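Novice: Questions regarding the structure given below will be posed in turn.
Quick note: the coordinates plus some simple rules give every number you see, no bench work behind them. This one's a predicted model, so the numbers in the text were calculated from it and none came from an experiment. Ideal geometry is used to build each Cβ from the backbone, glycine not excepted, and the neighbour counts take in all protein chains shown.
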């Protein structure tokens, strides 16, 4: 399959990022993730195991994997970020460029207003959390190019379909009111919070870092606003 790549036309070099994180570092992290996914996917195909994404039993497991891989890369790209040593800790990246005192082992259950960056990845149109993120949130939307949607695997290399695409990377500062609680009572899933489309998610969508055309969704005035924001950095896009 074709190796995924970040196309420059979809990169917003003027996007706002916190704590000195740079757009180029985000792009580098995505490119590194693409290289990893491509190599692992090719190995699975060569060994007859099917595509890499088929090894995950649930879509949310893929999202957790994507966010973990990219969180690790962001920590490697930016020297002032440290990976939270707790798997379920918050936030995912601890900013160590101020006088704020983190524990020596950087294992933080809850930041207690310490500076940091939470990272979420989702196949859907919004983002979910087990707690209301109050602070900076970096969200990644991705799509899996599944077997049923890929008809060019035997085509020449330039025409092959990449196994995964990051369609959108967004970032904004959130507060408690940006989230809507979802009670899981009566089901086998856990309680979650979802970003409100016209509040928290709207703030993120006004600040795309990477955004493919297919990720520009919405209705009415919101859609027009997102199209106009995209046109500001994509020279091949016309509103």
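Novice: Can you pull the one-decimal nm distance between simple spin-label points at residue 173 and residue 9, each 7 Å off the Cα toward Cβ?
Specialist: Simple spin-label model gives 3.5 nm for this pair.
Novice: Still on this structure: Would you compute, from DSSP H runs of 4+ residues alone, the mean residue ellipticity of the chain at 222 nm, taking -39500 (n - 2.57) per run and dividing by the full residue count, rounded to the nearest 500?
Specialist: Helix contribution divided over all residues of the chain: -8500 deg cm²/dmol.
Novice: Taking the Cβ of each residue in 176, 131, 53 as the centre, tally the other Cβ atoms inside 10 Å and list the residues starting with the fewest.
Specialist: 176, 131, 53
Novice: Provide the FRET efficiency to the nearest 0.05 for the residue 36-residue 221 pair, computing r from the beta carbons and using R0 = 35 Å.
Specialist: 0.35
Novice: What FRET efficiency, computed as 1/(1 + (r/R0)^6) with R0 = 35 Å and r the Cβ-Cβ distance, is obtained for residue 80 and residue 57, rounded to the nearest 0.05?
Specialist: 0.45
Novice: How far is helix 59-77 tilted off the main Cα axis of the chain, in degrees rounded to 10, range 0 to 90?
Specialist: So the inclination is approximately 70 degrees.
Novice: Just report the Cα centroid separation between segment 83-147 and segment 13-66, whole Å.
Specialist: Centre-to-centre distance over Cα atoms comes out at 17 Å.
Novice: Can you give me the angle between helix 23-46 and the longest principal axis of the chain, using Cα atoms only, in degrees from 0 to 90, rounded to the nearest 10?
Specialist: The angle comes out at about 50 degrees.
Novice: Another question, if that's okay. For the pair residue 68/residue 238, report the inter-label distance in nm, with labels modelled 7 Å from Cα in the Cβ direction.
Specialist: Result for the modelled spin labels: 4.6 nm.
Novice: For segment 1-153, report the % of Cα-Cα distances exceeding 29 Å.
Specialist: The calculated P(r) of segment 1-153 puts 23 percent of pairs beyond 29 Å.
Novice: Can you tell me the 0 to 90 degree angle between the C-alpha axis of helix 220-231 and the longest principal axis of the chain, rounded to 10?
Specialist: Helix 220-231 and the main axis of the chain meet at about 70 degrees.
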